[in-house]
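Working notes for the structure below.
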Amino acid sequence: MSHDITAEHDEHHGPHHTGLARWVFSTNHKEIGTLYLVFSLIMFLIGGAMALVIRAELFAPGLQLVNPEFFNQMTTMHALVMIFGAVMPAFVGLANWMVPLMIGAPDMALPRMNNWSFWIMPFAFTLLLATLFMPTGAPASGWTLYPPLSLQGGNSLAFVIFAIHLMGISSIMGAINIIATILNMRAPGMTLLRMPLFVWTWLITAFLLIAVMPVLAGAVTMLLTDRFFGTSFFSAAGGGDPVLYQHIFWFFGHPEVYIMILPAFGIVSEIIPTFSRKRLFGYTSMVYATASIAFLSFIVWAHHMFTVGMPLGAMLFFMYATMVIAVPTGVKIFNWVSTMWRGSMTFETPMLFALGFVVLFTIGGFSGLMLAIVPADFQYHDSYFVVAHFHYVLVTGAIFAIMAGVYYWLPKWTGHMYNETLGKVHFWWSTIWINVLFFPQHYLGLAGMPRRIPDYAVQFAEFNMISSIGGFMFGIGQLLFVYIIWKCARGGEKATAQVWEGARGLEWTVPSPAPLHTFDTPPVVDDSVAVHKDNLA
């Protein structure tokens, strides 16, 4: 049936390439979504391998496996690969696949630009990873590239900055495409307040991307001219100010954190109602909470810089503004719990990862509140407590949500059900070992262990050993994730169109696997497809 539909639709969409050309020249949102997701999985494994180099070196005190310079290169590259290569492209891939299906659009608004958005990425990461093989090595100043340290490295800095520019161009093109698609190509009847929350979170995320990626481009371009063209923006010797870089960087950097977590909120808001067999509680407040978090993300950047030194009034402002973010975030957690309340819940793998997200992300949120308190931040700053905090937000937050989304929509993409038993094994394995990996790092930080060091005092040995064991076991578990996806793509039990008993929304009205072209004729949209019951008749 899907073959017939595809053939019929191809008459309206021109010839469809085969083989390698199918992927290189594709303008179809589903194929480009698949490209993004495969790319991000490869980057996840590469970035994960770098993390294992770090954890292997930290397994015991002393220098054993790598020299300090290479260790610093690994910490820098691990962060850049995971943020720009794994998490962000994964969310863009999910948006490519699901946003047109969710709003009843036949494709993305700008399909050729969509193709370019993706194919810029492999070139950017080839440039980035190539710096590891240069005589001076990859940059070793952390993903923030703070001057003056970053300016004292080799010529590889120019390659990294060019790669960041390419990633930024790709992100902005993708964001423009998503905004144009959502605002112009919704099916008749798909009003803004009928849109699934995943679509809302991506709409807001896309505006964040357009607002802050040029700021990062400006900051690294100023670094480039300082390093190679004799300017002194950040050089105190030439009249510049290195603290200026920190202000510019974190004006990008803090919204960037929310770029990596708002779509995760959207995914979880799709999954919890499905497996609770209830409509989403407090939909409208969820939309306003998402917008509030996005706005607040622009006015809290200096909480990363309390130890740099700033006036008391500024410290108080950034401390309280940061704490206010807990309010809309708390609204979301309250609504997810209320959705589950008295629901007919079942615990398939997507739901398990969504619940894992709610619990573990909340731990990351609480440690973030601790870091927002100025006197406490003076103690925790640049310690392993910070490492534990942002990994609870980004791994058990963003990556757990991505895994939840992959398990949730995989049957729609492939037409087959994945192996549920192996999925649950993957969840419990990941949840246990990720806590073994990161929870001891809270204690290491509180005890005073600084981050980004290859060696440490012997009193930190036991917690570091436990953390490293957790890292290797978590890493091994992700090979199971790859196997489950590969097995599901090759075959298995046939998936129905609805796939999940409690699923609502337009994406569940098309066959599984979704035909190459969908919604050439706009679908009928009424209250029955809405995942919530706010503002409905």
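The values are calculated or read from the model by the stated rules, or taken from the named source; none is laboratory data. Just so it is clear, the structure is predicted and the values come from calculations on it, not from any experiment. A quick note on method: Cβ atoms are made from the backbone with ideal geometry, for glycine too, and the neighbour counts reach across all protein chains shown. Heavy atoms of the whole protein, side chains included, go into the accessibility calculation; ligands, DNA and RNA do not. Shrake-Rupley method; radii C 1.70, N 1.55, O 1.52, S 1.80 Å.
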Amide H contacts of His416 (H built 1.01 Å from N, under 5 Å, at least 5 apart or other chain):
Ala495
Could you give the length gained on full extension between Thr191 and Ser285, defined as 0.36 nm per residue of separation minus the Cα-Cα distance, in nm?
32.2 nm
In nm, what is the difference between 0.36 nm times the number of residues separating Ala447 and Trp119 and their Cα-Cα distance?
113.5 nm
Starting at 0 and stepping by 10 Å, how many percent of the alpha carbon pairs of the chain end up in each bin?
4, 18, 29, 28, 15, 6, 1, 0
What angle, in degrees between 0 and 90 and rounded to the nearest 10, separates the Cα long axis of helix 111-130 from the longest principal axis of the Cα atoms of the chain?
30 degrees
Pair Glu69, Leu149: separation of 7 Å Cα→Cβ label points (nm)
1.6 nm
Relative to the first principal axis of the alpha-carbon coordinates of the chain, what is the inclination of helix 29-57, with its axis defined by its Cα atoms, in degrees from 0 to 90 and to the nearest 10?
30 degrees
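If you count, for each residue, the other Cβ atoms within 10 Å and average over each peptide, how do 65-75, 115-125 line up from highest to lowest?
Ranking, from highest mean packing down: 115-125, 65-75.
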Can you give me the % of accessible surface on the stretch 35-508 that is carbon or sulfur? Probe 1.4 Å, all protein chains present, nothing else counted.
73 percent
Find the accessible area per residue for the chain; the probe is 1.4 Å, ligands and nucleic acids are left out, and the unit is Å².
39 Å²
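Using 28 Å as the Cα-Cα cut-off, could you pick out the over-long pairs in Lys278/Lys412; Lys332/Lys494; Lys332/Lys487?
Details: Lys278/Lys412 21 Å; Lys332/Lys494 34 Å; Lys332/Lys487 35 Å.
In this structure, Lys332/Lys494; Lys332/Lys487 exceed 28 Å between Cα atoms.
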Karplus 3J(HN,Hα) series, Hz, for the stretch 304-314 with 6.51 cos²θ - 1.76 cosθ + 1.60 (x for Gly, Pro):
7, 10, 4, 6, 5, x, 7, x, 4, x, 5
Between Arg112 and Leu369, with labels modelled 7 Å along Cα→Cβ, what's the label distance in nm to one decimal, could you check?
5.2 nm
Ala56-Ile210 pseudo-label distance in nm [points 7 Å out on the Cα-to-Cβ vector]:
4.5 nm
For Ser383, which sequence-distant residues (separation of 5 or more, or a different chain) have an amide H within less than 5 Å of its own amide H, given hydrogens modelled in the peptide plane?
Arg451
For the stretch 273-342 and the stretch 444-512, what is the separation of their C-alpha centers, rounded to whole Å?
25 Å
